[in-house]
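Peer 1: Quick one: the structure is below, and I'll ask about it shortly.
The values are calculated or read from the model by the stated rules, or taken from the named source; none is laboratory data. Worth saying up front: this structure is predicted, and the values here are computed from it rather than measured. Every residue, glycine among them, receives a Cβ derived from its backbone with ideal geometry; neighbour counts consider all protein chains shown. Keep in mind that these areas ignore ligands, DNA and RNA; they rest on the heavy atoms of the full protein, side chains included. Shrake-Rupley method; radii C 1.70, N 1.55, O 1.52, S 1.80 Å.
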Amino acid sequence: MLKPSPKAPKFTVTRNACKLCTPLGAALVFKGIRGAVPLLHGSQGCSTYIRRYLISHYREPIDIACSNFSEQTAIFGGGANLKIALDNIRRQYDPEMIGVATTCLSETIGDDVPMFIREYRESCAGEDLPPVVHVATPSYQGTHMQGFHAALQAVVDQLAQGAAEAGPHVNLFPGMVSPADLRHLREICADFDLPVVLLPDYADTLDGPLWTEYQRIPEGGTSVTAIRSSGSARASLELGDVLARAKETAAGLLWKRFEVPCHRMGLPVGIDATDRMFAALAEISGRPTPENHLRERGRLIDSYADGHKYVMDARAVVFGEEDLVVGLAGFLGEIGVVPVVCASGGRSGHLAACIAERFPDHSQKGIQVLSDADFVTIETAARDAQPDFLIGNSKGYSMARRLDKPLIRVGFPVHDRVGGARLLHLGYRGSQQLFDRIANTLMAARQTASPVGYTYI
Amino acid sequence: MTETARSQTAPIEGPDPEKVKAELLAKYPPKVARKRAKQIIVNRLEPGDKVPEINANVRTVPGLMSQRGCCYAGCKGVVLGPTRDIVNITHGPIGCGFYSWLTRRNQTDPDTTPDGHNFMTYCFSTDMQEKEIIFGGEKKLRQAIQEAYDNFKPKAIAVFATCPVGLIGDDIHSVCREMKAALGINVFGFSCEGYKGVSQSAGHHIANNQIFKHVVGLDDTIGAGEFRVNLLGEYNIGGDAFEIERIFEKCGITTVATFSGNSSIDAFANSHTADLNLIMCHRSINYVAEMMEKKFGVPWIKINFIGAEATAKSLRKIAAYFDDPALTERVEAVIAEELPAVQAARDDIRPRTAGKRAMLFVGGSRAHHYQELFRELGMRTLSAGYEFAHRDDYEGRKVLPGVKVDADSRNIEELDVCQDPDRYRPRKTPEELAALSAKGLEFKDYQGMMPEMPEGSMVIDDISQFETDLMIEKYRPDIFCAGIKEKYMIQKHGIPMKQLHSYDYGGPYAGFKGAVNFYREIDRMVNSRVWGYLKAPWQTNPELAATYAWE
Ligand code: SF4
Ligand code: SF4
């Protein structure tokens, strides 16, 4: 099996982390639910930092409340603060759901949040209370991806209901993908004539038009009613190879509790992986892959044929969330690029196995996998690996700058370019965009490096 | 107050502010409404710069979406973040350190210190895991300090505590002392757990204290320069400090240390040798000035380099203080040389900006300072407020004796500073100081924001997202200044938004060149065609047109 490179020195201190903290992922999930307000249980700083981080990427308003611990609260517990916060959020926002995620602080002091919520409910007897979903997200136990998936599980766990008969709809758990990806997935399901419960769906809440009418909570998102119905879907689709190896997931829970059949597969990046998703959708819907997508697939292959000489045998450093890294690595392999370094700050323990599965010949190819890695470690490996380009989030920019290699920005966060929310990664269409960006980056690099100013390459 | 300033404080037209205030409070439960009512004030100007009392520096009500950050953010992110040659280690789980990793646009110039150290692009965190939360993280911290030292051989290492650290009881200070002895470099810690105080302001105070305790006064060398000053509370966002330094150099004024834009620990260590402290952001740094005066005898004055007129005025204040004919002459020459370009830009732009209305909700001094620039453009401030300021920043330092210290602030250490037996050196005799005061140079004074704001304007402390929304709806200002968290919400309303924390990748806005940059920027923004495309031609819903006047 693939092992982290022995050359990477082991450090105690994390220098320039390649991961974010847990409640950020949870907040993102809550933003994908219609009329939901995320509430972080802890001090002011966490929610402010997380808002700022998300906002700088999506360039949209993102409200995240907090229960605002003081020194006293930190000592005596945050029950009273949480209840006041819930009250104020209800009055100001009239939300359809409140999602409470904990922070390191409330977890360290051991606040019993479910009990606080129960007490709050009791104190509001007779009032029309929106559902309050709670998820435990201590950052000292994981990264933003753990927070993301934990929140999904919590939402499904606390809201999903079964029904005597399965409905016509399918649940789709896409993972932490971009609003553009979410829109594309919605479109694909619509083309299969499949009603979909997409969770989360922040395509509109985090990438919406300017308002012509005032909105307290941006419109869009999957409704609580739809989430309730996830227990009676005809199937669930859960994307992400690393996620598929997790012990517990939202789709797994729906299978265990309501016997909703569960299809797991990697992120649909590249022909192979996208084919798998379309096959699953075809099976679930009983319809063939719609013509427009077949044509998109055809065009993608056509472009592979036309462009392969530009990308063949190029070397890439891939970094970011584990599932995205696996998806991208698979796609790169498909177009003949060698992902010489595959790195993530996540530490599910499954990254190496997932990459090995995509690349049985990984050792001949010299592919290095770095789990639980920070940017200093990644940069050291990248320097040795002599890549032609880097592909990952914008936090890799300083590394790319020092290595003097182009960085193709994907995933989250993209703080130094506009349009992070509009980056498409998934499906034949997303793969097409990635392919064009990669080929053009390599062509541009060659053009720039050439002593002659060729205009015809 | 200047004549222009006075004319700008004339009452503003628009909705009845008292009614607006009532609407802002309407959705809150009674207790919250009572609290907010004291933080939402309709400005009234009475003789002697008397203004109504505002409640500030009080805890945000849980569930109200505030602009505020935490104590750690103020300490590590704001004050120490811009110091390039200290390795900053965040002791805590990964998020806190990660989010404060180079997210402010402080610029720095490592070439100005001989070793060229610059660690600002690095983010060190102990990345605490469950094990450390349960069994304590001191061991990991010790290792982290050692590694940082092995890696970079810095002159100093600073450690910042985040919320969980305070609770599990790690003693960062003893670890720092131990490592300081072991490594032979300056290692010091900040107990700036996020839950302390009510906002980043507590963190500024803690940062000031520790810098004063561990760094200021370590180097007594008196450097070159006849007129030596420190610039306090200038963080070099977008290169502001570079522009101020440029002007100083032209005038022959030497900056010993800037706290803390473009700063180095060596300069802090030597800062007590300066002869005058200039305070830019009163909120974040007045503590250092106060302590330096007590211990070393360096007087301080409030200055403001935001706005061309304010810059000229501040330069004249400095000249008046040093009371040297050659300096005064140079300062006047520089002003005379720089102002025509500013004036030309203003004459060109003002017809397009005059009469427009601004709102500013930001920081602890910028909401005040930037009103100057808007005034120069003929614009009026409808409403303003700070994110983390105290009463004295609103009403002026005259209210200080009456300010109540609540439980949240009581826990922030007040250093007991006394005269240094050897190094205390009064820069002026009491008579000289009195004479300068008589000529209008106020020492240790800051008038605050409210006396310079229009009658009937609304002053809102710690404005919430919800209130921001309502304010925009009620007034539809021509421009709104705040930070990144508010930016996109404001733009969704179709209102141009200027970030005054990070300057939206622009700047500098300080000094003379900065003023011109700002005029141009505001001209572009309030006259942008983007907002005109908001509605498609076929969207002729008369109801909407009535609510919003799309221009
Ligand atoms: S305390 Fe935890 S939740 Fe808060 S910012 Fe830090 S890592 Fe994230
Ligand atoms: S945990 Fe505390 S120190 Fe860290 S960001 Fe949150 S409030 Fe600030």
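Peer 1: Can you tell me the Rg and the Dmax, both Å, for the Cα atoms in chain B?
Peer 2: Radius of gyration, then largest Cα-Cα span, for chain B: 23.7, 79 Å.
Peer 1: Using amide H atoms built in the peptide plane, which far-off residues or other-chain residues are under 5 Å from A:Ile62 H to H?
Peer 2: Correct list: empty.
Peer 1: Only bridges whose two residues both fall in chain A count here: according to DSSP, what percent of them are antiparallel, nearest 5? Don't jump to the answer; show the numbers that get you there.
Peer 2: Details: 1 of 39 bridges.
Once the DSSP bridges in chain A are tallied, antiparallel ones form about 5 percent.
Peer 1: Related question: Taking a probe of 1.4 Å and counting only protein heavy atoms, give the total accessible area buried between chains A and B in Å², rounded to the nearest 100.
Peer 2: Details: alone 19830 and 23090 Å², together 36560 Å².
The buried area between A and B, both sides summed, comes to about 6400 Å².
Peer 1: I would also like to ask the following. Residue by residue through B:146-153, how many Cβ atoms from other chains fall within 10 Å of the Cβ on average? List each step's numbers first, then the result.
Peer 2: Working: counts 2, 5, 3, 0, 0, 4, 0, 0.
Rounded to a whole number, the mean comes out at 2.
Peer 1: Taking only protein heavy atoms into account and a 1.4 Å probe, give the accessible area per residue of the stretch A:22-159 in Å².
Peer 2: Numbers: 3700 Å² over 138 residues.
Counting only protein heavy atoms, the per-residue value for the stretch A:22-159 is 27 Å².
Peer 1: Ok, one more. If Rh is defined by the Kirkwood formula over all Cα pairs and Rg also comes from Cα, what ratio Rg/Rh do you get for chain A?
Peer 2: 0.98
Peer 1: Any idea how far the Cα center of the stretch A:227-247 sits from the one of the stretch B:73-146, in Å?
Peer 2: What the calculation gives is 39 Å, centre to centre.
Peer 1: Given the peptides A:432-442, B:485-495, B:176-186, A:137-147, arrange them by the average over their residues of other C-beta atoms within 10 Å, most packed first. Don't skip to the answer; put the middle values down first.
Peer 2: Values: A:432-442: 19.5, B:485-495: 21.8, B:176-186: 15.8, A:137-147: 25.6.
The most tightly packed comes first, giving A:137-147, B:485-495, A:432-442, B:176-186.
Peer 1: Could you tell me the largest-minus-smallest coordinate of the C-alpha atoms of the stretch B:39-107 on each of the three principal axes, in descending order and whole angstroms?
Peer 2: Result for the stretch B:39-107: principal-axis Cα extents of 50, 31, 17 Å.
Peer 1: Something else: What ranking do A:73-79, A:48-54 get when scored by the average of other Cβ atoms within 10 Å per residue, highest first?
Peer 2: Numbers: A:73-79: 19.1, A:48-54: 25.1.
Output ranking for A:73-79, A:48-54: A:48-54, A:73-79.
Peer 1: Gain in length, B:Asp109 to B:Glu249, computed as 0.36 nm per residue apart minus the alpha-carbon separation, to one decimal in nm?
Peer 2: Working: separation 140, 0.36 × 140 = 50.40 nm, distance 1.62 nm.
Computed gain between B:Asp109 and B:Glu249 is 48.8 nm.
Peer 1: Okay, next question. Calculate the tail of P(r) for the stretch A:1-132: the fraction of all Cα-Cα distances greater than 22 Å, expressed in %.
Peer 2: The proportion of pairs with Cα distances above 22 Å equals 44 percent.
Peer 1: Please identify every one of the GluC sites (Glu not before Pro) in the stretch B:12-69 that sits in a loop by DSSP and has no more than 11 other beta carbons within 10 Å of its own beta carbon. Walk me through the intermediate numbers first.
Peer 2: Values: sites: B:Glu13, B:Glu18, B:Glu23, B:Glu53; in loops: B:Glu13, B:Glu53.
In loop regions of the stretch B:12-69 (DSSP not H, G, I, E or B), the sparsely surrounded GluC sites (Glu not before Pro) are B:Glu13.
Peer 1: Here's another thing I want to ask about it. Please list 3J(HN,Hα) in residue order for the stretch A:202-209, calculated via the Karplus relation 6.51 cos²θ - 1.76 cosθ + 1.60 where θ = phi - 60°; whole Hz, with x for glycine and proline.
Peer 2: Once rounded to whole Hz, the list reads 9, 4, 9, 5, 10, 7, x, x.
Peer 1: Given bins 10 angstrom wide, list per bin the percent of all Cα-Cα distances in the stretch B:253-297, short to long.
Peer 2: Each 10 Å bin holds this share of Cα pairs: 27, 63, 10.
Peer 1: To the nearest Å, what is the center-to-center distance of the stretch A:334-358 and the stretch B:252-289, using C-alpha atoms only?
Peer 2: 50 Å
Peer 1: Could you list the residues of the stretch B:449-484 with an amide nitrogen less than 13 Å from a label point located 7 Å from the Cα of B:Glu18 in the Cα-to-C-beta direction?
Peer 2: The answer is B:456, whose backbone nitrogens lie closer than 13 Å to the label point.
Peer 1: So, one more: Just checking the output field for A:47-57: average partner chain Cβ neighbours within 10 Å of each residue's Cβ?
Peer 2: Working: counts 6, 14, 13, 2, 8, 8, 5, 1, 7, 6, 0.
Average neighbour count from other chains, rounded to a whole number: 6.
Peer 1: A further question on this structure: If A:Trp255, B:Trp531 are ordered by their accessible area, calculated over protein heavy atoms with a 1.4 Å probe, which sequence runs from highest to lowest? Spell out each step's value before the answer.
Peer 2: Numbers: A:Trp255 130, B:Trp531 45 Å².
The ordering from most to least exposed comes out as A:Trp255, B:Trp531.
Peer 1: Rounded to the nearest Å, what's the spacing between the alpha carbon centres of the stretch B:501-531 and the stretch B:148-165? Just the number, please.
Peer 2: Distance between centres, Cα-based: 37 Å.
Peer 1: With no solvent and one equal point scatterer per Cα, compute the Debye intensity ratio I(q)/I(0) for the stretch A:170-285 at 0.13, 0.17, 0.20, 0.21 Å⁻¹ and report its log10, rounded to two decimals.
Peer 2: Rounded to two decimals, the profile gives -0.51, -0.84, -1.12, -1.22.
Peer 1: If you don't mind, another one. Based on the Cβ-Cβ distance from A:Gln386 to A:Asp361, what FRET efficiency comes out when R0 is 25 Å, to the nearest 0.05?
Peer 2: On the way: r = 19 Å, r/R0 = 0.77.
That gives a FRET efficiency of 0.85.
Peer 1: A follow-up question, please. Rounded to the nearest 0.05, what FRET efficiency is calculated for B:Asp420 and B:Ala333 with R0 set to 41 Å and r the Cβ-Cβ distance?
Peer 2: Here the calculated transfer efficiency is 0.65.
Peer 1: Enter the mean number of other protein chain beta carbons within 10 Å of the beta carbon of each residue in A:394-402, as an integer. Don't skip to the end; give the middle numbers.
Peer 2: Values: counts 0, 4, 0, 0, 3, 0, 0, 1, 1.
Average neighbour count from other chains, rounded to a whole number: 1.
Peer 1: Under a point spin-label approximation (7 Å from Cα along Cα-to-Cβ), what is the A:Leu129-B:Asp324 distance to one decimal in nm?
Peer 2: Here the answer is 7.1 nm between the modelled labels.
Peer 1: Report Rg (one decimal) and Dmax (nearest whole number) for the stretch A:310-449, counting Cα atoms only, units Å.
Peer 2: Here Rg and the maximum Cα pair distance are 13.7, 40 Å.
Peer 1: Okay, moving on. Restricting things to alpha carbons, find the Rg to Rh ratio for the stretch B:73-194 using the Kirkwood radius for Rh. Let's see the in-between values first.
Peer 2: Numbers: Rg = 13.7 Å, Rh = 14.4 Å.
So for the stretch B:73-194, dividing Rg by the Kirkwood Rh gives 0.95.
Peer 1: Over the Cα atoms of the stretch B:17-65, Rg to Rh with Kirkwood Rh, two decimal places? If you can, show how the numbers build up before the last one.
Peer 2: Values: Rg = 12.4 Å, Rh = 12.1 Å.
Radius of gyration over Kirkwood radius for the stretch B:17-65 works out to 1.03.
Peer 1: Given a 1.4 angstrom probe, I'd like the percentage of the accessible area of chain B that is carbon and sulfur, rounded to a whole number.
Peer 2: Of all accessible area on chain B, carbon and sulfur atoms account for 53 percent.
Peer 1: Something else about it: Rounded to the nearest 5, what % of the DSSP beta bridges within the protein assembly as shown are antiparallel ones?
Peer 2: Working: 10 of 89 bridges.
Looking only at bridges with both residues in the protein assembly as shown, the antiparallel portion is about 10 percent.
Peer 1: Which percent of the accessible heavy-atom area of the stretch A:170-285 goes to carbon and sulfur, probe 1.4 angstrom?
Peer 2: Working: 1840 of 3880 Å².
Looking at the stretch A:170-285 in its full context, I get 47 percent from C and S.
Peer 1: Accessible area per residue of the stretch A:310-449 at 1.4 Å probe, in Å²? All intermediate terms of the calculation are to be shown ahead of the outcome.
Peer 2: On the way: 4830 Å² over 140 residues.
Per residue, the stretch A:310-449 has an accessible area of 35 Å².
Peer 1: Semi-axes of the equivalent ellipsoid for the protein assembly as shown, please: Cα gyration tensor eigenvalues, times 5, square-rooted, ordered largest first, whole Å.
Peer 2: Details: eigenvalues 458, 218, 169 Å².
Square roots of five times the eigenvalues give 48, 33, 29 Å.
Peer 1: Quick check: residue separation of B:Ala33 and B:Phe152 times 0.36 nm, minus the Cα distance between them. What number comes out in nm? Intermediate results must be reported in sequence, preceding the final value.
Peer 2: Numbers: separation 119, 0.36 × 119 = 42.84 nm, distance 5.23 nm.
Net length gain for the segment: 37.6 nm.
Peer 1: So what is the relative contact order of the stretch A:170-285, in percent, for Cα pairs below 8 Å that sit 6 or more residues apart? Display every interim value, and only then the final one.
Peer 2: Values: 160 pairs, mean separation 31.6, N = 116.
Relative CO of the stretch A:170-285 lands at 27 percent.
Peer 1: Sort A:268-279, B:381-392 by the packing proxy (mean of other Cβ within 10 Å over each peptide's residues), most packed first. Kindly include the intermediate steps, with their values, before the conclusion.
Peer 2: Details: A:268-279: 20.6, B:381-392: 26.4.
The packing order, highest mean first, is B:381-392, A:268-279.
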